[in-house]
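Asker: Can you read through this structure? Questions will come right after.
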Amino acid sequence: MDSIERHIISVTVENKSGVLARISGLFSARGYNIDSLAVAETEDPTVSRMSIVVKGNEKILEQIYKQLNKLIDVIKVQDLTTEAHIERELVLLKVNTAGSSARNEIVQLVNIFRAKIVDVSRKSLTIELVGSKAKVDAMIDLMKGFGIKEMTRTGRIAICRDTSKEK
Amino acid sequence: MTGSKIIVECLKKEKVEVIFGYPGGVVLPLCDALYDSGIKFILTRHEQGAAHAADGYARTSGKVGVCLATSGPGSTNLVTGIATAYMDSIPMVAITGQVATHLIGNDAFQEVDTTGITRPITKHNYLLKNVEQIGTVFKEAFYIAKTGKPGPVLIDIPVDVQRAETDFNYPEKIEIRSYKPVYNGHPLQIERALSLIACSKKPIILAGGGVISANASDELRSLAEKAKIPVALTMMGLGSFPTEHDLHLGMIGMHGTRYGNNAIMEADVLIAAGCRFDDRVTGKISEFAPHAKIIHIDINPASIGKNVAVEIPIVGDVKNILAQFVKNIPKTSTAEWIERISEWKKKYPLNYKNTDGLKPQFVIETISELTKGEAIITTEVGQNQMWAAQYYKFKHPRTFISSGGLGTMGFGFPAAIGAQVACPDKTVIDIAGDGSIQMNIQELSTAVAEKIPVKVIILNNCHLGMVRQWQELFYQKRYAFTCLKGKQPNFVKIAEAYGATGYRATKREELKKILTRALNHKTGPVFVECVVEPEENVFPMVPAGASLKEMIGGLA
C-alpha cells in the first residue's frame, strides 16, 4: 500500500502560456518529486499533452491527481501506469572515441540496440536511441565504459493502448 | 469603446457595486473610466487594505469582492490580501495594472511578474494581453471566483490594453471545458452515509467554512435537529450554527472547547461538512477522532483524503447534499450520547477567572451581551481572534469574519470596513490586539473619509499576546521581541488625529458604559482601547502537534 512507485501521468492542458509554470509550481509548492516532464502540442493545437513521471505512494498519487485537476487549465489527468500503455524515451549520447579502437564495438552495440549514429567526428560518435526507460538505461550503462562526453534525454512520453478498448 | 470602458461595462454586467482600490500609473485609464461610472470606488490607504476590504465585503455579502491596484508595488501589496482570501476560499476578483505590452519583460518602471507572483495564491489568473479578450476573461474570472470551491482570481491588464479600442461584447454564458465543478453528491455515497449514521451511537457533525460559503446553515440546523446530532465547528464554521443551541459543541481544535474535543475523540461517526481538517483543527493527525468513521462532504475533491482517512467521501455542494441528508435521515438513538456531552459541558465549560482587572474574555462577553449576538465580528489574528471565537455568542452565518488559513494580522480592520460597506445597517466590530491593529492602522483614514462606523476594540495587553503565550509555555518565558510595554502609541490620540473617536477603558466597571457609547456612535469609526491584563492566556489549549485529548489550562 505504502510503497513508493514511479508513475507516468498524462495530463492534457490548455495550450496557453503559463500553464507549464502552473504545473511545475504545483509540484514544487507541494513537494512532489518529478522525475521527468515532457510537453508538446497534441493533434488539437489548442491542447498540449504533458507526460510527467512522478514518484510517490498511493496517497501522494491521489493528491497529485486531485491537485492537478483543481487547476483551471487542466483538461484531463490520466495515470497511465494503471492501464495498458506504450512509453518511449529518446536519448542523444555523445560517446568518446578518441585514441581507441572502440569505434567498431560501439557500432555493433548500436546495431544490437537498433539505435542510430547521427553524428560522427574524429573524437566522438553521437548516438540516438528510442526505447523504454530500461532500454535507454541499459544503453547508457554500456556506453559509460567508453566514456560519455555528453548526454541528453527527453524524459518519458506515453500514450494508452487502444487495443484493450476495441474488443 | 476603449478597453477601460469595456472593463467598466463588464463590472456592471457582474453587478459590481463597489471596488476597493488604490490608483497608480498604469491603471490611470481604468480609474478614469470608473470616475463617473456609478460604481462606488473606495480609496483605501494601502493596497493590502483594499484586498482585505474586498475580502470582508465578500465574506459578509456572499458576493464577489473586487479590488484594484496598480502594477509593481501595487500588486505586491495586494499579495497578502489575495493569499488570505485564497486560503479561506473567498470569492474575489483582483484587478491589477501592468506596464504596456511592449515593455513586459524589460524590467520597466513598476513592473513585476504579477501573474507569476500570484499563481500559487489565486484560483486562477490572467494576463490580459488583448483588448478583444476582455469580455471573455472577465466573465470567466467572475464565474471561476464564485463557483466550485470559491477563491480569488486576478486579472493583470497592461495599460495599452486599457487604452485600445474594440467593440464591447459580453458573453451571456461561459463554457470552460477544463472546469466543471461537481454540485450533486453521488446518490450511492449519500445512501451509504445515511446507513452509516443510522447505526451510529455517537455521531457528530463537524461544520467548516464551506457550510457558510455554500449558504447551508439552515440545512445544517435542520439536519442536527431532526437527527439529534451535536454540531462541532471549526473556526471558519463559526456562525453556521447558533452558539446557544443545545446541540452546539463550540469550536474544536487547538483552542476549542474541552467538551467539543472530547466529543470528537469519542465519536463513532463524524460527518464533516465543508472543512478540510487543518492541523489547528485536528491536533496530532494520527490520533484524531480515533473511533470515528468519517463522512466527508466537500466541493473540493482535493480536500478529501488529504489529511485524514475518509470512509465515505461525497464530492459536491454542501447545501445540496445536506438537504438530501435532511430529507432521508434515518432515526438515530443519540439520547445517551447527548447526555454524556451535556455532562462534559457542565464539567468543562469555557471559563476564566474574572479578577479586578479587565479581562479580555470579559470584554468579548460584554460585547456579545450588548449586541445580542447580532453584530458582525471581524478579528485580527492571535489571542484577540481566539477570545472572539470562544466568547462571542454567534447567531448567524457570515458574522464571524476572520483570517483562518493564512492567519493574517492586520486583516480585521480593513475587513470590517468591507463588511460595513456590504452591510450598512449592521453593527460591525473588529476585535483587535495592540499588535495587529498597527499593521493596517492607516485604514482609519479610509473609514473616516467614507464615514464608515466600524468599531475597533483594541485588547491592549502590551504584548504580541499569542506569541508571548507560547513563549511562556514553551520557551521558558524568554519573551523575545513580544513585549511592547512603553513602546506603544496612544491609541485614543491616534484615533483623534485621524478625525475619529477614541475611548479607553481600564476598569471592569466602566467597560459597559464605554462600549455602549462606542456602539451608539454611528457617524464614523471608533477606537476603544481596552487595557487588559497583560498575562492572560487563551485556554484551554492543545499544544502544537499534540492530540486533542491533551488539553492544558482552563478552569474546572
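The values are calculated or read from the model by the stated rules, or taken from the named source; none is laboratory data. Predicted, not measured: the structure shown is a model, and the values here were computed from it. When we count neighbours, we look across all protein chains shown, and the Cβ atoms used for this are built from the backbone with ideal geometry, even at glycine.
Asker: For residues that are surrounded by 14 or more Cβ atoms within 10 Å (Cβ to Cβ) and either among the aliphatic types (A, V, I, L, M) or in contact with a Leu (Cβ under 6 Å, 6 or more places away or on another chain) (or both), scanning just region A:91-106, find the one that is nearest to A:Leu37 (Cα to Cα).
Answerer: A:Val91
Asker: Can you tell me which residue within region B:161-181, out of those that are surrounded by fewer than 10 Cβ atoms within 10 Å (Cβ to Cβ) and modelled with pLDDT under 95, is farthest from the other protein chains (Cβ to nearest Cβ)?
Answerer: B:Glu172
Asker: Name the residue, out of B:Thr379, B:Thr399, B:Thr427, that is among the hydroxyl-bearing types (Ser, Thr, Tyr) and under 18 Å from B:Gln48 (Cβ atoms).
Answerer: Result: B:Thr379 is the single residue among B:Thr379, B:Thr399, B:Thr427 that is among the hydroxyl-bearing types (Ser, Thr, Tyr) and under 18 Å from B:Gln48 (Cβ atoms).
Asker: Take the residues of region A:54-80 that are part of a strand (DSSP E or B) and of a type in the set (D, E, K, R): which is farthest from the other protein chains (Cβ to nearest Cβ)?
Answerer: A:Lys55
Asker: Could you tell me which residue of region A:143-167 is nearest to A:Ile9 (Cα to Cα), considering only residues that are surrounded by 17 or more Cβ atoms within 10 Å (Cβ to Cβ) and over 15 Å from the mean Cα position of the chain (by Cα)?
Answerer: Going through the qualifying residues, I end up with A:Met143.
Asker: Okay, next question. Which one of B:Leu464, B:Leu548, B:Leu473 is out of contact with any helix residue (DSSP H, G or I) (no Cβ under 6 Å at 6 or more places or on another chain), surrounded by 21 or more Cβ atoms within 10 Å (Cβ to Cβ) and not β-branched (Val, Ile, Thr)?
Answerer: B:Leu464
Okay, residues lined up against (1) assigned to a helix (DSSP H, G or I); (2) among the basic types (Lys, Arg):
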{"site": "B:His255", "(1), (2)": "no, no"}
{"site": "B:Asn262", "(1), (2)": "yes, no"}
{"site": "B:Leu270", "(1), (2)": "no, no"}
{"site": "B:Phe277", "(1), (2)": "no, no"}
{"site": "B:Arg280", "(1), (2)": "yes, yes"}
{"site": "B:Pro290", "(1), (2)": "no, no"}
{"site": "B:Ile297", "(1), (2)": "no, no"}
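Asker: Separate question: From the list B:Ile157, B:Ile204, exactly one residue is more than 23 Å from A:Asp73 (Cα to Cα), away from chain A (no Cβ under 13 Å) and touching a residue at least 60 places away in the same chain (Cβ under 8 Å). Which is it?
Answerer: So the residue among B:Ile157, B:Ile204 that is more than 23 Å from A:Asp73 (Cα to Cα), away from chain A (no Cβ under 13 Å) and touching a residue at least 60 places away in the same chain (Cβ under 8 Å) is B:Ile204.
Asker: Would you confirm whether or not region B:98-113 contains a residue that is more than 12 Å from chain A (Cβ to nearest Cβ), over 19 Å from B:Glu9 (Cα atoms), free of Cβ contacts under 8 Å to residues at least 60 places away in the same chain and acidic (Asp, Glu)?
Answerer: yes
Asker: Could you look through region B:119-140, keep only residues that are assigned to a helix (DSSP H, G or I) and within 16 Å of B:Ser89 (Cβ to Cβ), and pick out the one that is farthest from the other protein chains (Cβ to nearest Cβ)?
Answerer: Checking each candidate, the answer is B:Ile121.
Asker: Is one or more of the residues making up region A:130-147 in a strand (DSSP E or B) and closer than 24 Å to A:Ser51 by Cα?
Answerer: Yes.
Asker: Restricting attention to region B:270-281, does a residue exist that is at pLDDT below 95 and of a type in the set (Gly, Ala, Ser)?
Answerer: No, that holds for no residue.
Asker: Looking at region A:14-53, which of its residues are more than 9 Å from chain B (Cβ to nearest Cβ), among the hydrophobic types (A, V, I, L, M, F, W, C), out of contact with any Phe, Trp or Tyr (no Cβ under 6 Å at 6 or more places or on another chain) and more than 15 Å from A:Val74 (Cβ to Cβ)?
Answerer: A:Ala38, A:Ala40, A:Val53
Asker: Which condition breaks for B:Ser286 when tested against (1) of a type outside the set (A, V, I, L, M, F, W, C); (2) more than 13 Å from B:Ile204 (Cβ to Cβ); (3) in contact (Cβ under 8 Å) with a residue 40 or more places away in the chain?
Answerer: Of the numbered conditions (1) of a type outside the set (A, V, I, L, M, F, W, C); (2) more than 13 Å from B:Ile204 (Cβ to Cβ); (3) in contact (Cβ under 8 Å) with a residue 40 or more places away in the chain, the odd one out for B:Ser286 is (3).
Asker: With the condition kept exactly as written, say whether any residue in region B:404-425 is at positive phi and crowded, with 24+ Cβ neighbours inside 10 Å.
Answerer: For region B:404-425, residues at positive phi and crowded, with 24+ Cβ neighbours inside 10 Å: present.
Asker: Of all residues in region A:117-130, which are surrounded by fewer than 14 Cβ atoms within 10 Å (Cβ to Cβ) and more than 12 Å from A:Thr97 (Cβ to Cβ)?
Answerer: A:Val118
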